[in-house]
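What follows draws every value from the coordinates through simple rules; no lab data is involved. These numbers were taken from a predicted model, which means no experiment stands behind them. Reconstructed Cβ throughout: ideal geometry from the backbone, glycine too, with neighbour counts over all protein chains shown.
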Ligand code: MN
């Protein structure tokens with residue numbers, strides 16, 4: 001058998017030998033997320049300009065409410081959660097397929113008592129996320145379902 005340096009052994013559900021846990025997001029000022037970890041499964045060195053990350057949100061946690069030019073391809077891999085995309089709140093379970101379009105507001109939350117993990121594919125070369133202005137937040141919250149969902 002030939003040794004393949006790129007082969008990563010799967011050790012337990014959504015933990016991989018040699019793949020370190022990273023800080024979800026480094027950002028100045030107040031934290032915009034709660035209880036989220038990040039792992040880069042395929043990074044820059046894997047080639048072709050794509051990156052595959054694994055995010056895990058603890059029960060009660062949430063990702064940043066944000067938007068940006070680049071898109072996300074999301075596949076849940078552990079537990080249950082829900083998301084906001086644009087003005088839609090949707091439940092998410094294992095192996096669902098979610099496309100987050102360009103400039104759509106989005107946020108992910110874990111269900112109560114659930115750890116929610118998902119794969120997220122992005123371009124390596126991508127723009128930085130934008131956070132809502134007070135005015136944009138106001139507009140988002142004019143939808144009662146969205147207002148009840150978002151955390152920031
Ligand atoms: Mn995003």
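Order by neighbour count: 105, 16, fewest other Cβ atoms within 10 Å first, most last.
16, 105
If you take the square roots of the eigenvalues of the alpha-carbon gyration tensor of segment 68-152 and sort them as a ≥ b ≥ c, do you get rounded (a/c under 1.5), prolate (a/b over b/c) or oblate?
Oblate, since a/c reaches 1.5 and b/c is not below a/b.
Among 22, 140, what is the fewest-to-most ranking by other Cβ atoms within 10 Å?
22, 140
Suppose only helical runs count, i.e. DSSP H with n ≥ 4. What mean residue ellipticity at 222 nm does that imply for the chain under -39500 (n - 2.57) per run, divided by all residues and rounded to the nearest 500 deg cm²/dmol?
Calculated at 222 nm, the ellipticity per residue is -2000 deg cm²/dmol.
Sorting check: for 37-44, 95-102, which peptide has the highest mean count of neighbouring beta carbons within 10 Å, and how do the rest follow?
Ranked by mean Cβ neighbours within 10 Å, highest first: 37-44, 95-102.
What whole number of Å gives the distance from the Cα centroid of segment 95-152 to the Cα centroid of segment 15-88?
Cα centres, segment 15-88 to segment 95-152: 11 Å.
Among 50-61, 141-152, how do they line up by average Cβ neighbours within 10 Å per residue, starting with the highest?
Packing order, densest peptide first, comes out as 50-61, 141-152.
Per the Kirkwood definition applied to all pairs of different Cα atoms, how many angstroms is the hydrodynamic radius of the chain?
16.3
Test of understanding: ordering 48, 86 by Cβ neighbours within 10 Å, fewest first, what list do you get?
Placing the least packed residue first, the sequence is 48, 86.
Considering the chain as a Gaussian network with a 10 Å cut-off on Cα pairs, which listed residue, 91, 31, 129, attains the greatest mean-square fluctuation?
Looking only at 91, 31, 129, the largest GNM fluctuation is found for 31.
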